[in-house]
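This report refers to the structure that appears directly beneath it.
Derivation of every value follows stated rules applied to the coordinates shown; laboratory data play no part. In this text the structure is predicted, and so the values were computed from the model without any measurement. Neighbour counts run over all protein chains shown; Cβ positions are idealised from the backbone, glycine included.
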There are 2 protein chains.
Amino acid sequence: MIERLSLNQITTRSWSLPDAVAGCAEAGVGWIGLWRDKVAEVGVETAARLVREHGLRVSSLCRGGFFTGRGPDGPTGDGVADTLAALDEAVALGTDVLVLVVGGIADNDLGLSRRRVAEALDQLVPAALDRGVRLALEPLHPMQCAERSVLSTLRQALHLAAPHPPEAVGVMVDELHVWWDPAVEASIAAAAGRIAGFQVCDELVPMPDPLMCRGLPGTGPIDHRHLRTCVEAAGYHGPIEVEIFNTDLWSRPGADVLPEVITSYRNHVAP
Amino acid sequence: MIERLSLNQITTRSWSLPDAVAGCAEAGVGWIGLWRDKVAEVGVETAARLVREHGLRVSSLCRGGFFTGRGPDGPTGDGVADTLAALDEAVALGTDVLVLVVGGIADNDLGLSRRRVAEALDQLVPAALDRGVRLALEPLHPMQCAERSVLSTLRQALHLAAPHPPEAVGVMVDELHVWWDPAVEASIAAAAGRIAGFQVCDELVPMPDPLMCRGLPGTGPIDHRHLRTCVEAAGYHGPIEVEIFNTDLWSRPGADVLPEVITSYRNHVAP
């Protein structure tokens with residue numbers, strides 16, 4: 001097993017869940033980060049069985065959220081209800097981390113949208129505690145504020161999490177979203193006890209698109225070993241997901257992409 | 001005169017400086033924000049004379065900076081020397097505000113690049129005081145960190161400015177760059193005495209490009225009256241520049257664009 005490496009399955013998007021699980025097992029990758037749309041293609045029970053049979057562990061499930069009522073395609077449904085369903089899926093899949101993307105600006109009102117996120121957390125925390133699954137608040141890069149996430153910094157995530165027990169509400173540290181933050185080191189240190197996961201990638205320069213702007217670790221300006229050291233100093237020693245939105249990687253077979261993921265992880269991220 | 005409105009001349013990019021100055025005077029816009037490339041087309045002395053003859057005032061000159069050695073087109077020249085030249089141009093043009101874009105990540109080292117900015121300020125402050133021109137540190141949106149500006153938040157700008165007198169080092173508050181920041185209100189309040197200018201626009205949603213992503217006030221998610229109220233509460237009552245990078249606006253005659261600037265300013269920004 002390659003220590004701590006987890007394949008976030010969006011990175012090998014052309015792979016189905018069965019292919020991704022088999023591919024990880026064959027390559028010695030012991031963790032996988034799952035996406036609900038890929039899980040739904042085979043059904044939760046089958047997905048859970050496949051993961052188990054291949055000896056993998058699920059580092060996180062992506063995603064609940066969209067509490068504001070606004071997503072990239074316009075208005076969204078009931079984010080709290082959807083997140084409750086996702087908590088049950090997380091339990092079935094054997095992961096204790098559910099990633100939350102909180103949603104964009106609804107009704108053209110940033111303040112109102114942010115309050116809706118806090119209110120949704122109040123409603124969800126009892127269910128998270130009951131199911132033993134942590135809600136992982138993921139701050140998204142400020143360029144995604146309007147459409148995807150009014151949660152924009154780690155500091156803000158910690159403020160949202162503060163009223164709740166650490167086992168119910170944590171934070172997901174995704175390098176793409178936080179590396180530029182002049183307060184990133186201080187915010188990661190302040191997140192001690194709340195870090196539910198660590199996701200790595202690089203930023204494409206120049207940036208082709210606000211979403212499809214990631215590359216393999218080592219291809220951009222992010223100092224992965226520095227940030228890994230920061231999350232470790234804050235007490236996080238769990239799996240490290242490689243999560244890459246990239247049109248070129250997505251167009252290629254997962255079997256070709258995974259070896260590159262492993263190599264870039266070893267060369268630029270791993271201890 | 002339309003109270004406090006300033007046309008940042010990048011908004012009417014198809015206009016030469018003489019056209020922009022005449023257009024503002026005719027439309028009752030009393031302030032203009034100048035760009036050095038447009039000034040250079042006619043020469044500093046001619047530009048200064050045209051501004052004076054039309055009864056305009058110059059709200060800011062854009063720009064000095066690129067202290068890190070890295071810009072969007074790759075390595076840059078000596079940012080300190082270039083900024084010294086820009087200070088002299090500011091004096092000649094009759095403005096006391098020089099906007100600084102500090103530069104992107106050089107040598108793939110974010111920490112080093114940020115230290116270079118602090119060192120450049122140390123070198124420039126005596127010249128700024130001597131010339132009576134304020135260096136206006138402009139934090140740029142985090143999506144522009146790698147290529148244009150390792151200065152990403154107002155809080156960080158204030159930290160950089162702190163060792164220096166407020167009359168030498170201020171901050172430029174550009175809505176596009178700071179509106180998403182959960183700490184924007186607190187940071188603007190903390191900037192009292194340092195605010196050298198206020199620039200407005202809106203953010204295009206979805207975002208077509210990390211640079212060409214602006215629209216007229218009122219076309220996006222930014223709450224202009226809220227942010228104007230914040231800068232006023234922090235003691236800033238100077239000109240308000242409308243500064244828009246937008247391919248559609250840039251393709252049209254300035255004479256068509258300026259009335260739309262005035263209308264959007266009146267409807268969405270003005271007291």
Magnitude of the Cβ-charge dipole (Lys and Arg +1, Asp and Glu -1) of chain B about the Cα centre, nearest 20 debye, reported as 340 debye
Whole-Å distance, taken between Cα centres, linking segment B:217-258 and segment A:254-271:
45 Å
What distance in nm lies between label points placed 7 Å from Cα along the C-beta direction at residue A:1 and residue B:119?
4.6 nm
With the label set 7 Å along Cα→Cβ, residue B:225 is separated from its counterparts in the other copies, in nm and shortest first, by 5.4
Please report, to two decimal places, log10 I(q)/I(0) for chain A at q = 0.07, 0.08 Å⁻¹ as given by the Debye formula with identical point scatterers on the Cα atoms and no solvent.
-0.21, -0.28
Please report the antiparallel percentage of the DSSP beta bridges confined to segment B:32-142, to the nearest 5.
15 percent
Please give, to one decimal in nm, the separation of the simple spin-label points placed at residue B:248 and residue B:14, each 7 Å out from Cα toward the Cβ.
1.4 nm
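Mean separation of Cα pairs under 8 Å and 6+ residues apart, divided by the residue count of chain B: what relative contact order is that in percent?
Numbers: 576 pairs, mean separation 51.9, N = 271.
With pairs under 8 Å counted, the relative contact order is 19 percent.
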